[in-house]
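For reference, the structure discussed in these notes is given below.
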Amino acid sequence: MLRFSRTASSRIVKSSSSKLWLPVSQRFQASSSFPAALTAAENLVQPQKSNQFDPFTMVSGEMRVLAKNIAVLLGSGHPTLNRVASYYFEAEGKNVRPLIVLLLSKALSKIPETERTRIAIDKYDVNTQEEFKGTPKAFSFAGQNPLDSISPLRVLNGINPSIILNPLSKPMIDLENAELDKKNGILPKQRRLAEITEMIHTASLLHDDVIDLSDSRRGRPSGNIAFSNKMAVLAGDFLLGRASVSLGRLRNSEVVELMSTAIANLVEGEFMQLKNTVFQPNLNQIENDNTVKQIPEPTGKVPAKVSEYSVPTTNLITHEENVHAAFEYYLHKTYLKTASLMSKSSRSSAILAGCNEDIVSQQVLI
Ligand code: FPP
Ligand code: MG
């Protein structure tokens, strides 16, 4: 590296003048073709003036109504719970996860209907050894409105104090959404999936801020600071509950399975971050903030699962092996904590579009 820079600099010195220290564009003013070439090169790497390919612009309509639509799914009989649950949606977040779902849904709409035929499996108990052919049609109530409840509303409403406050009892007839769906080819269920994805993510942020003792999020005091740890945790749980209701209403058991797995993955990833078994291999104790705590011995009443990340000791392996194990651990943790929700919601979007298994597996990350 050193030799390379010495050679390079001597080459520069030989062919240079004092102009070397000027900005590139001024150095080559003498040559008329160079500024033109430079402008052409700059245009290649600079954002285009046209926003035709700007991801946010492509689904801007859907993104604009995202928070509003989520607000319809929230709302309880308790005014403070309403405040905490909607708190993070009031501030401008990046909304990367719903953006991915919406863009992918738009792209999938271009696939001809002839290639969007999920095959029905005519049995309930699918043998895992068999080739997977897609959600049985019996489990996918295509064409049903995701806003309609499956159980009677009187069951869902339960003893909620006010039927008016309970969004589960409100029909949502929204012409703006219907127009948007038609324009971009995004199905109402895919739009709902984008909202569910953001609700799950936001629930995890409310919990994460308690775990990380955060003091701010999205330019404002974080939920734990603005309300309290207890309320932030409960609001996250409430968001998960409401996201699950909406998920059930998609009437697609494969999507429910995928998204529920993503929720479990979030917790697994966060737990891997909390208790690093590569560097803290003793499974009988928890090391945190320089304190060591012994944890209760398993009683043996439930079978103990062996974790693939239970490295018994770091002393017996080489430094390289240790680094490799730590990096593998990091990648797995990051997949579970961040990538899983993105990939499983993307896959769900393809399933809701009715794409056949080839498209679901080849076009969408699993
Ligand atoms: C942000 O990480 C946190 C996450 C992406 C996921 C956190 C997951 C949990 C707390 C598990 C609970 C899950 C649910 C569904 C309730 P970060 O701390 O690295 O990023 P930050 O700087 O944005 O806080
Ligand atoms: Mg955090």
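When each of the peptides 327-334, 198-205, 71-78 is scored by how many other beta carbons lie within 10 Å of its residues on average, the order from highest to lowest is 198-205, 71-78, 327-334. Take 252-259, 86-93, 345-352 and order them by the average number of nearby Cβ atoms within 10 Å per residue, most first; the result is 345-352, 252-259, 86-93. Converting phi to 3J(HN,Hα) with the Karplus coefficients 6.51, -1.76 and 1.60 and the offset θ = phi - 60°, the range 58-73 yields 4, 10, 4, x, 5, 5, 5, 9, 4, 5, 5, 5, 5, 4, 5, 7 Hz in sequence order, with x at every glycine or proline. Extending 7 Å from the Cα toward the beta-carbon at both SER216 and GLU328 defines two label points whose distance is 4.0 nm. Residues in the range 327-351, backbone N under 11 Å from the label point at ASN276 (7 Å along the Cα-to-beta-carbon vector): list them, ranges by number please. Flagged as within label range: 327, 329-330.
If the chain linking SER151 and ILE225 were pulled fully straight, counting 0.36 nm for each residue of separation and taking away their Cα-Cα distance, it would gain 22.9 nm.
Taken together, the values in this text are just the output of simple stated rules run on the coordinates, not laboratory data. Computed from a predicted model, the values in this text were never measured in an experiment. Note that we place each Cβ from the backbone using ideal geometry, even for glycine, and neighbour counts take in every protein chain shown.
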